[in-house]
Every structure is written in structure tokens, then in C-alpha cells.
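Here is the structure we will look at, set down as C-alpha cells.
Read the figures in this text as sums done on the coordinates, not as results from a lab. Since we're looking at a predicted model, the values are computed, not measured. Cβ placement follows ideal geometry from the backbone for every residue including glycine, while neighbour counts extend to all protein chains displayed.
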Ligand code: HEM
């Protein structure tokens with residue numbers, strides 16, 4: 001049941017801006033800023049944002065909170081029942097296209113489904129589903145993807161052997177994998193693609209405050225279109241028909257695979273911190289019949305503990321009845337996911353790895369379990385991403401055990417930020433890993 005709306009006092013609106021919105025925007029909504037990520041870890045900014053959300057909920061009793069910012073009034077959701085309603089009633093009356101999101105994504109993917117109208121969405125969303133297969137626990141190209149994972153994470157690493165994995169090493173292997181999965185083998189060495197995209201994502205972090213680089217955007221979209229035209233038959237791009245602003249749709253994949261890489265790398269760190277779960281995952285990896293279900297849940301835990309999409313934004317597309325009030329069209333709605341994903345009210349021991357939380361599925365909005373969103377805007381790669389993560393974990397666990405983390409993780413209370421830029425770990429031969437525990 002949706003709650004009422006209450007208006008935050010001036011001081012609380014400022015507190016929400018300073019402790020929740022500004023740090024989230026500073027970290028980078030479209031591409032992470034390494035210095036801001038480091039500051040968040042050092043000064044526990046994510047923990048502080050969550051504490052602020054708790055304080056607001058205690059004060060306003062779970063009502064949706066109207067933040068009366070002069071230029072852009074927002075509703076900040078404090079209760080999972082409201083989260084569920086907003087996500088399930090997307091795209092009408094709650095549109096995925098919000099002013100901020102549209103201004104940001106237009107920097108590099110102007111025709112993307114995320115910022116489409118409900119009519120355009122009806123046409124565009126199925127194209128992503130045909131390619132990414134969200135309802136399949138095993139993607140039709142899974143065998144091909146597994147071969148690519150083994151090639152990038154084992155065969156090509158042979159020279160460096162069991163050396164340390166830090167983010168640059170992991171990301172190099174990961175983005176070669178991404179280009180092969182999206183376009184095919186010929187794109188593996190196209191090292192220029194990601195920097196071209198990332199430069200525009202850097203501008204997109206500033207949303208409408210930064211002018212569009214139309215020339216850069218046209219170059220990016222032309223390059224994606226060219227790669228898609230010549231994609232391998234078993235590549236994701238080959239499953240997306242030409243037209244329909246295909247390059248804008250695929251730009252979102254390339255952008256979002258960054259999140260998937262971070263989450264997979266952090267999942268390896270979790271496995272180092274929890275030997276019992278690592279063992280369970282190794283056993284599963286050795287048994288192909290079990291199709292990576294435990295690994296899938298570990299990946300979801302990586303995202304629950306350190307969400308890569310912290311703010312899910314919506315906008316009222318028309319006047320909406322909320323409690324006994326009418327919320328006019330054009331009001332922004334913010335779901336601050338880290339609060340719901342670690343909420344003691346619905347998740348016992350929220351700061352501890354608990355893969356079994358996900359036995360009920362990848363999106364349980366009534367419990368606030370929404371790392372991939374939910375409803376009509378649910379990430380269409382919510383099944384593919386855990387599959388790829390499971391393949392990477394299986395490939396590396398066959399080599400040895402993740403151990404010797406550069407960052408201390410307390411398995412009884414995991415910190416609110418895990419700065420993947422400063423994370424490194426070793427893949428250690430089994431016997432050595434056990435003797436160091
Ligand atoms: C850990 C990795 C990922 C996470 C946590 C994630 C999360 C999300 C979330 C929360 C949304 C909804 C955003 C909103 O409603 O505003 C979304 C949408 C989307 N994601 Fe992902 N995503 C991930 C990876 C991917 C990948 C790898 C792809 C493509 C290969 C992808 C494709 C999309 C698309 C196309 C949408 C728009 C869906 C729509 O509006 O109907 N995502 N994702």
C-alpha cells in the first residue's frame with residue numbers, strides 16, 4: 001500500500017541533498033570517478049547516506065518525502081511499498097525517462113529505450129529482450145561465451161600465471177570479453193572504443209550542465225553501427241535488428257557492462273572473504289548440471305552490498321493520486337537503492353553475504369531487492385550478467401582460490417563501499433589458500 005506524502009523541513013531537505021544526493025552524483029551516475037569512489041570508502045559516505053535515510057524514515061514514518069528544491073522538486077522514497085508501486089507502475093504513470101536521465105544519456109545514446117516515451121518503449125524494449133534473453137537462465141550463446149571467458153581469463157593470462165589481479169588487469173580482460181560477446185572476435189582488439197564511450201560518459205555525469213559533444217557522439221554511434229554490421233552470428237549485436245537506433249541501444253550495453261565487470265570483480269573479493277561460500281561455488285563450478293545458480297546469487301549479493309546503480313530515477317508522466325494527494329506530472333522520483341538493499345526491516349543481517357536471499361528471484365521489489373530494478377524497466381541483462389560472472393568465477397576458481405585481498409573485508413559487517421579501483425587479489429593454488437586461512 002502506498003503511503004502518504006510528507007514535506008521535508010528545509011533542514012532535512014538540505015541534509016538529504018548533502019548526504020545522499022551530492023555524494024551519489026559526485027561518485028558519477030554514468031561513469032565512476034575514482035577519486036570520489038576513494039573518498040566514499042575513506043569517509044564512509046555510503047554508510048552515512050544510509051544512516052541519513054534511516055533518520056528520515058524515523059522522522060517521517062516511511063512517507064514519500066517531498067524535497068522542495070526550487071528548480072526540481074523530488075520525491076524521495078522511504079518505504080519499499082512505494083518502491084514496489086513505482087517500479088511496477090512503470091512506464092505509466094511513472095516514466096523511466098526523467099529530465100536528468102534524458103539529459104545525461106543524450107550525451108551518447110540519444111535513442112535509448114531508457115529515455116524513450118511509453119510508445120517508443122513498446123517498440124524498443126523487445127529488441128533488447130530478443131538479444132539479451134532475460135527469461136533464459138542459459139543464454140542461447142552461452143557455450144560461445146564460456147569459450148571466450150576461458151580464452152580471456154585463462155589462456156591469455158597464462159604468461160602472467162597466478163599473478164595478482166588488480167582492476168586494470170581485470171578490466172582489460174573483461175572489456176576484451178565484452179567486445180567479443182557483443183560484436184565478435186574481430187572487435188576484441190578495438191581498444192579505442194571504450195575510451196571514446198567513456199569520454200562521453202564523463203560528460204554525461206554532468207547531465208544538462210555540460211554541452212553535448214555532437215561530433216564525438218556521431219563518431220561513437222557510427223563506430224558501433226559499423227561493428228554491429230559486421231558482428232559474428234553468435235554475438236549479441238547480431239541479435240539486434242538494424243534500424244531502431246540500434247547503435248544507441250548497443251551503446252547502453254557497452255556502458256552497462258562496466259557495472260557488470262565491477263560487480264564480478266567484487267564478487268571474487270567476497271569469495272575470498274567467505275571460504276565456505278567459495279567452496280560451495282567451486283563445487284558447483286565442477287558440476288555443469290547446476291548451471292551456476294549459486295554463482296548467480298553471489299553476483300546478486302555483490303550488487304546488493306555494493307550496488308552499481310545506486311539511484312533509480314522515475315518521473316510522473318501524468319498527475320498521480322498518492323495517498324490523498326495529487327502529485328502533478330513532471331515530478332522527479334528518487335529510489336536510493338543502497339538503503340533498501342541493506343535495510344534491517346526486511347533483510348536480517350543486511351551487512352553480511354547471504355546468497356540465499358535470492359532464492360525468490362532476481363527482483364523482489366516488495367522487499368526492496370532491486371539491484372536490477374523491477375517491473376517493465378527491469379534490466380534486460382539481469383539474467384545474462386550473472387551467467388557471465390559465474391563463468392568468470394568458474395574459470396578462475398579452476399586455477400586456484402581468490403585470496404590475499406588488498407582491502408580488508410570484515411565478513412561480519414561488510415563496509416558500505418568497496419573501491420574496486422584499489423582492490424586487488426591473488427588466485428592462489430588451493431593448498432596455499434587453505435594454509436593461510
Ligand atoms: C551489474 C550490471 C548491471 C546492473 C546492476 C544493471 C542495472 C540496471 C538497472 C537498475 C536498470 C534500470 C534503470 C532505470 O530504471 O532507470 C537497467 C536498465 C537497463 N540495462 Fe542494465 N544493468 C547491468 C548490466 C547491463 C548490461 C550488461 C546490459 C546489456 C548487455 C544492460 C542493459 C540494460 C538496458 C538496455 C536497460 C534499459 C531497460 C529499459 O529501460 O527497459 N544492463 N539496468
Qualifying residue in region 267-275 (condition: under 21 Å from residue 404 (Cα atoms), buried (at least 23 other Cβ atoms within 10 Å of the Cβ) and within 12 Å of the ligand (Cβ to nearest atom)): yes
Which one of the conditions (1) more than 19 Å from the chain's Cα centre (by Cα); (2) outside any loop (DSSP other than H, G, I, E, B); (3) surrounded by fewer than 22 Cβ atoms within 10 Å (Cβ to Cβ) does residue 211 fail to meet, given that it meets all the rest? (2)
Within region 373-408, tally of residues that are away from the ligand (no atom under 12 Å from the Cβ) and surrounded by 19 or more Cβ atoms within 10 Å (Cβ to Cβ): 11
How many residues, within region 316-356, are in a strand (DSSP E or B), surrounded by fewer than 19 Cβ atoms within 10 Å (Cβ to Cβ) and either within 16 Å of the ligand (Cβ to nearest atom) or in contact (Cβ under 8 Å) with a residue 40 or more places away in the chain (or both)? 1
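Residue by residue, here is whether (1) over 15 Å from residue 390 (Cα atoms); (2) in contact (Cβ under 8 Å) with a residue 60 or more places away in the chain holds:
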{"residue": "248", "(1), (2)": "yes, yes"}
{"residue": "251", "(1), (2)": "yes, yes"}
{"residue": "255", "(1), (2)": "yes, yes"}
{"residue": "258", "(1), (2)": "yes, yes"}
{"residue": "261", "(1), (2)": "no, yes"}
{"residue": "268", "(1), (2)": "no, yes"}
{"residue": "279", "(1), (2)": "no, no"}
{"residue": "293", "(1), (2)": "no, yes"}
{"residue": "296", "(1), (2)": "no, yes"}
With 146, 201 as the choices, which residue is out of contact with any strand residue (DSSP E or B) (no Cβ under 8 Å at 6 or more places or on another chain), touching a residue at least 40 places away in the same chain (Cβ under 8 Å), more than 27 Å from residue 112 (Cβ to Cβ) and surrounded by 15 or more Cβ atoms within 10 Å (Cβ to Cβ)? 146
For region 1-19, give me the residue count where each residue is buried (at least 17 other Cβ atoms within 10 Å of the Cβ), in contact with a helix residue (DSSP H, G or I) (Cβ under 7 Å, 6 or more places away or on another chain) and over 21 Å from residue 365 (Cα atoms). 5
I'd like the full set of residues that are within 13 Å of the ligand (Cβ to nearest atom), assigned to a loop (DSSP other than H, G, I, E, B) and touching a helix residue (DSSP H, G or I) at 6+ places or on another chain (Cβ under 6 Å), limited to region 86-116. 90, 91, 96, 97, 109, 111, 112, 116
Yes or no: residue 280 away from the ligand (no atom under 14 Å from the Cβ) and within 25 Å of the chain's Cα centre (by Cα)? yes
